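Down below is the structure, laid out as structure tokens.
The values are calculated or read from the model by the stated rules, or taken from the named source; none is laboratory data. Computed from a prediction, not measured in an experiment: that's the story for all the values here. Here the Cβ is made from the backbone with ideal geometry for all residues, glycine too, and neighbour counts use every protein chain on show.
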Amino acid sequence: MRENNIPFLGICLGLQLAVTEYSRHVCGLDKANSTEVDPDTKHPVVDILPEQKEITNKGGTMRLGAYKAILKPGTLAYDLYNSDIVWERHRHRYEVNPDYHSRLTEKGLVISGASEDGRLAEFIELKDHPYFIATQAHPELKSKLSEPAPLFFGLTKAAISFKDTKGGK
């Protein structure tokens, strides 16, 4: 998808897997991984939230509910939402490890939306890709047939355009 310009939308784990793939194949971080998959990975590009590490009774302790994201002007996320602030629902404990943000962005990954304090990557995308975007959130929880979430609407438009440019194949 990334290399063949195929439209891609990652949601939650999809964002985490996209970051892992990008870390390995673009950033050169051999065996980069999520600590959820490989707790002993040399490059924990996705890691459990630090405030979650000491919790043993996990019930109701994850990042859950609506969270604010600040979107960067000039990005696909900003254009799709037509706003610099969005609120999306979350349900997870793992995040893109802030220790790797600069390495990822230096190699071209765009963190197009972040938490209010800038610590958490809420949206990622690729600048020179027709539609490669992912979010840590769950926009499907608010999406309706009559009012689709901007990311789904954008994906649908990008998929139609991709099909049309590929001769209907």
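Would a scan of the stretch 121-134 turn up a residue that is of a type in the set (Lys, Arg), assigned to a loop (DSSP other than H, G, I, E, B) and more than 19 Å from Ser34 (Cβ to Cβ)?
yes
Identify, please: which residue in the stretch 50-97 is basic (Lys, Arg), over 14 Å from the mean Cα position of the chain (by Cα) and part of a strand (DSSP E or B) and is, among those, modelled with the highest pLDDT?
The qualifying residue modelled with the highest pLDDT is Lys68.
Restricted to the stretch 135-160, and to residues that are touching a residue at least 60 places away in the same chain (Cβ under 8 Å) and among the small types (Gly, Ala, Ser), which residue is surrounded by the most Cβ atoms within 10 Å (Cβ to Cβ)?
Pass one, the stretch 135-160, residues touching a residue at least 60 places away in the same chain (Cβ under 8 Å): 135-140, 150-155, 158-159.
Checking the rest, the ones that are also among the small types (Gly, Ala, Ser) come to 137, 154, 158-159.
Numbers: Ala137: 27, Gly154: 20, Ala158: 21, Ala159: 14.
If we take residues in the stretch 135-160 being touching a residue at least 60 places away in the same chain (Cβ under 8 Å) and among the small types (Gly, Ala, Ser), then Ala137 is surrounded by the most Cβ atoms within 10 Å (Cβ to Cβ).
Would the stretch 78-91 turn up any residue that is within 21 Å of Ile6 (Cα to Cα) and among the hydrophobic types (A, V, I, L, M, F, W, C)?
yes
Just checking, how many residues over the stretch 17-41 are part of a loop (DSSP other than H, G, I, E, B) and either closer than 17 Å to Glu95 by Cβ or among the aliphatic types (A, V, I, L, M) (or both)?
9
Name the single residue, out of those in the stretch 71-90 being in contact with a Phe, Trp or Tyr (Cβ under 6 Å, 6 or more places away or on another chain) and of a type in the set (A, V, I, L, M), that is surrounded by the most Cβ atoms within 10 Å (Cβ to Cβ).
Ala77
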